[in-house]
Amino acid sequence: MRNKLLVFLVAALLLLATPLVAQQFGNAWVRIIDIALLYVLLALGLNIVVGYAGLLDLGYIAFYAVGAYVFALLASPHLWSNFAAVKSLLPAGLHSPFWLAVPLAAALAGIAGVVLGAPTLKLRGDYLAIVTLGFGEIIRVFVNNLDAPVNLTNGPKGISQIDSVKLFGLDLGKTLDLGVIALPDVTLYYYLFLLLVVVAVVICYRLERSRIGRAWMAIREDEIAAKAMGINTRNLKLLAFGMGATFGGVAGAMFASFQRFISPESFSLQESIMVVAMVVLGGLGHIPGVILGALLLAALPEVLRYVAGPLQALTGGRLDASILRQLLVALAMISIMLARPRGLWPAPEHGKAAPTPIPTPPPLPGALAAPASAK
């Protein structure tokens, strides 16, 4: 117990000091860490659907988009400037507080997850993946085209001037001067994202060890056997979709507040596949592995910018740096999966074979003679 407390204390101190050290090299590094924490939150949510319940979801980024657009509409002047009814009702503008916008974004994303899960209850494997992929594309096309006849999402131009998060009178969009040290907005958002990730880890940890988590894993291993044992697979599947989508909605709301601008390009199919790759690469159903996979894949493309640039210079500019960077990321993912097919940090019990029964030794000759003589 003392060793565990010491490890947790050291880890907490390192996590608290990380942005303070990174900002000495530029706020861009802190921004990369912030985005990585958002991907960790997304990966933890998808792990509930894919890792625990075994439901392959390729449209998970749709819930990220729902949360982002709900927060953007509630915390920006877009609705106020495009709808006369909103302008007359709220003359000072629509600037919803954090405690209203984020829970509403999470709730609507969770409802969207249940709506997606309802028609897919009898689908498994590749068929489920195709349906969820189509759902993600429908949401992206929807937000990309809903600028006429009613301008709700502003189409491909996106929504700007989104409010920053304000908590207890502290505006996270402004630099906080403590006298000894100044904390820029990216550092303040880091601590908020870190708190949300810690809460998400605790929730996932409790879910994994609860009756619901064990039922999800039974469905993942064999749905027919789980149903035969009396598990309500329909409700548990809907719950998995709803819980995972709620995590995505919270991450989307934080992304909109952090970037202060969103557009449909941020919620493409490539982003959804990247989140699935984080879960699979880290280790299905294992929280530390999922976190490791998310951090690795979120930070790797940014780190490889410093590798792609020199390689582009060596070829005389004939290779595009962005394409070369994607190629290096793909090669790294292939290499990792070949070396660690179960993930970088797989669950200890996942993939283990059933224990081999120990053969019973043959009876000794004297043991057989005793009953015969007694008879």
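The values are calculated or read from the model by the stated rules, or taken from the named source; none is laboratory data. As the structure is a computational prediction, the values presented were derived from the model and not from experiment. As a convention, Cβ positions derive from the backbone with ideal geometry for all residues, glycine included, and neighbour counts pool all protein chains shown. All accessible areas refer to the heavy atoms of the entire protein, side chains included, with ligands and DNA or RNA removed. Shrake-Rupley method; radii C 1.70, N 1.55, O 1.52, S 1.80 Å.
Summary of values
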quantity	calculated
Evaluation of ALA253 against (1) without any contact (Cβ under 8 Å) to a residue 12 or more places away in the chain; (2) among the small types (Gly, Ala, Ser); (3) open to solvent by less than 10 Å² (accessible area, probe 1.4 Å) (one fails), failing number	(1)
Meets criteria (within 24 Å of the chain's Cα centre (by Cα), over 24 Å from TYR191 (Cα atoms) and without any contact (Cβ under 8 Å) to a residue 40 or more places away in the chain) for PHE135	no
Every residue from region 256-278 that is β-branched (Val, Ile, Thr) and surrounded by 18 or more Cβ atoms within 10 Å (Cβ to Cβ)	ILE262, VAL275, VAL276
Check on GLY289, of a type outside the set (D, E, K, R) and within 24 Å of THR153 (Cα to Cα)	no
Lone qualifier among GLY173, GLY158, GLY134 - being small (Gly, Ala, Ser), modelled with pLDDT of 90 or more and touching a strand residue (DSSP E or B) at 6+ places or on another chain (Cβ under 6 Å)	GLY158
Residue match in region 309-331 (condition: basic (Lys, Arg), farther than 25 Å from GLY244 by Cα and in contact with a Leu (Cβ under 7 Å, 6 or more places away or on another chain))	yes
Any helices (runs of 4 or more DSSP H) falling wholly within region 156-231 and containing at least 3 residues that are β-branched (Val, Ile, Thr) and open to solvent by less than 70 Å² (accessible area, probe 1.4 Å)	185-208
Selection from region 1-20 of residues that are in a helix (DSSP H, G or I) and either in contact with a strand residue (DSSP E or B) (Cβ under 6 Å, 6 or more places away or on another chain) or loosely packed, with under 10 Cβ neighbours inside 10 Å (or both)	ARG2, ASN3, LYS4, LEU5
Selection count, region 20-77, where residues are touching a helix residue (DSSP H, G or I) at 6+ places or on another chain (Cβ under 7 Å) and free of Cβ contacts under 8 Å to residues at least 40 places away in the same chain	3
Of the criteria (1) open to solvent by less than 30 Å² (accessible area, probe 1.4 Å); (2) in a loop (DSSP other than H, G, I, E, B), which one ALA245 fails	(2)
Residue within region 105-117 that is touching a Gly at 6+ places or on another chain (Cβ under 6 Å), surrounded by fewer than 19 Cβ atoms within 10 Å (Cβ to Cβ) and either charged (D, E, K, R) or assigned to a helix (DSSP H, G or I) (or both) present	yes
Single residue of LEU20, LEU42, LEU58 found to be at pLDDT 90 or above and within 11 Å of the chain's Cα centre (by Cα)	LEU42
